[in-house]
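For reference, the structure discussed in these notes is given below.
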Amino acid sequence: MFLLNRPTVRQLEIFSTVPEKFRKKSRTTWADANQGGREIDSFLEGPVFDDAGNLYVTDIAFGRVFCVDPNGQWDLVAQWDGEPNGMKYIAGKKLLITDYKNGLVLLDIASGHVKPYFSRKNTESFKGVNDLAISANGDIYFTDQGQTGLHDPSGRVYRLDNTGRLNQLLSNVPSPNGIVLSPDEKFLFVAATRGNCVWRMPLQTDGSVSKAGQFFTSYGPSGPDGLAMDQQGRVLVANPGLAYIWVLNQRAEPVEILRGPPGHSLTNLAFGGKDGKTLFVTDSTSGDILCLQMNVAGVSLHTSTLPSLFAVH
């Protein structure tokens, strides 16, 4: 009988935490629906780095984006009537953000000004967008999660191509969340949180997907959330319900398990540091950013100029 090698287990370390001046526990509409109505002072997600090594994170519950410098010092970049989740850094010092409440929005880092980018499809609002990935040619892939789950497996995945055309790739995902492309951009991976799994699907030459399959199956109270990819093609999966980061090889075998504090919620992850080999993870329970040195760098994220067709001036 063939037995898998046991994965290496390592503990994540604290890099920085939300300063007290930015904490004020209260109830929010978002937390009432998604956190059982408990009082919270932050809910961190969406980590992404700029060219200077600064880390940006979202705070969904209070509509905030923070900048954390390489020394762990925090600054409030913007706050608005939104629920920002995933982010990608765009050339020109802008952040493209999936805002659950407002669709895709664009944040100018220097001014803190937020404007709509792509709010609706043919005047129909999205269910609630969650995360995004950008290809080398500027195509934007994003998940539309809303409140979907096994009771309502109608979550959607879209591609907004570099000409401004929107295509629906999937319409039957139980809570589509994190999303990432393979290094060669031939495969798309999507975290199906309430299905407790990660889907994998080939991208066809015409831009469509086919033969979507279940790549990895997890367990526990809350399934895969944020995804990342390293240069060896290993998929890294943030698993909030377990406070784990799964590091999966091409066969979806866990080769490493990175642990956060028991009972905490690890939501999203991004590679950074001088060599691109340090993994940074948002812990939404505590407002901490955790980190750990990896032996393989992450795939470089693209900072393409976005199609100007949908930019609101």
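Every number in this text was worked out from the coordinates using simple rules, so none of it is lab data. Everything numeric here is computed off the predicted structure, so don't read it as measured data. Virtual Cβ from ideal backbone geometry, glycine too; neighbours counted across all protein chains shown.
In whole Hz, with x marking every Gly and Pro, tabulate ³J(HN,Hα) for region 36-48 from phi via Karplus 6.51 cos²θ - 1.76 cosθ + 1.60, θ = phi - 60°.
With the stated coefficients, region 36-48 comes to x, x, 6, 6, 9, 10, 5, 8, 7, 8, x, x, 7 Hz.
At a 10 angstrom cut-off on C-beta neighbours, averaged per residue, how do the peptides 86-94, 120-128, 191-199, 49-57 rank from highest to lowest? All intermediate terms of the calculation are to be shown ahead of the outcome.
Details: 86-94: 19.6, 120-128: 13.2, 191-199: 24.9, 49-57: 17.3.
For the peptides 86-94, 120-128, 191-199, 49-57, the packing ranking is 191-199, 86-94, 49-57, 120-128.
List the pairs from LYS88/LYS121; LYS21/LYS121; LYS21/LYS274; LYS21/LYS127; LYS21/LYS94; LYS115/LYS277 whose alpha-carbon separation is above 31 Å, in the order I gave them.
Table pairs above 31 Å Cα-Cα are LYS21/LYS121; LYS21/LYS127; LYS115/LYS277.
Counting only helical runs of four or more DSSP H residues, what would the 222 nm mean residue ellipticity of the chain come to if each run contributes -39,500 (n - 2.57) and the total is spread over all its residues?
-500 deg cm²/dmol
May I ask you to compute the full-extension gain from ARG23 to THR123, defined as 0.36 nm times their residue separation minus their alpha-carbon distance, rounded to one decimal in nm?
Using 0.36 nm per residue and subtracting the Cα-Cα distance, I get 32.3 nm.
Quick one: 3J(HN,Hα) in Hz for region 103-109, Karplus 6.51/-1.76/1.60 with θ = phi - 60°, rounded, Gly and Pro as x.
So the Karplus estimates, Gly and Pro as x, are x, 7, 10, 10, 10, 7, 5 Hz.
Can you list residues whose amide H is under 5 Å from SER16's amide H, if they're 5+ apart or on another chain and H is modeled 1.01 Å from N?
Under 5 Å from the amide H of SER16 lie the amide H atoms of ILE289, each far enough along the sequence or on another chain.
Could you list which residues have their amide H under 5 Å from that of VAL299, counting only those 5 or more apart in sequence or on another chain, with H placed in the peptide plane?
Amide H neighbours of VAL299: MET229, ASP230, GLN231.
Could you tell me how many cubic angstrom of Cα convex hull volume region 166-263 has per residue?
Working: hull volume 9.3 nm³, N = 98.
Value for region 166-263: 95 Å³ per residue.
Work from the charge dipole of the chain (Cβ charges, +1 for Lys and Arg, -1 for Asp and Glu, about the Cα centre) and give the residue of VAL105, SER154, VAL255 farthest towards its positive end.
Farthest towards the positive pole: SER154.
List the relative contact order of region 217-313 as a percent without decimals, with contacts defined as Cα pairs under 8 Å and 6+ residues apart. Can you show the working numbers first?
Working: 199 pairs, mean separation 19.3, N = 97.
RCO, region 217-313: 20 percent.
Where a ≥ b ≥ c are the square roots of the eigenvalues of the C-alpha gyration tensor, would you call region 55-179 rounded, which needs a/c under 1.5, or, failing that, prolate if a/b is larger than b/c, or oblate?
prolate
Tell me, in nm to one decimal, what length is gained between ASN295 and ASP51 on full extension, where the rule is 0.36 nm per residue of separation less the Cα-Cα distance?
85.7 nm
Check each of the trypsin sites (Lys or Arg not before Pro) in region 9-57 and keep only those in coil by DSSP with at most 14 other C-beta atoms within 10 angstrom; list them in order.
Of the trypsin sites (Lys or Arg not before Pro), the ones in loops of region 9-57 whose Cβ has at most 14 other Cβ atoms within 10 Å are ARG23, LYS24, LYS25, ARG27, ARG38.
Please turn the phi angles of region 21-31 into ³J(HN,Hα) values with the Karplus equation 6.51 cos²θ - 1.76 cosθ + 1.60 (θ = phi - 60°), one per residue in order, whole Hz, x for glycine and proline.
Along region 21-31, the couplings run 5, 9, 10, 7, 4, 6, 8, 10, 4, 5, 5 Hz.
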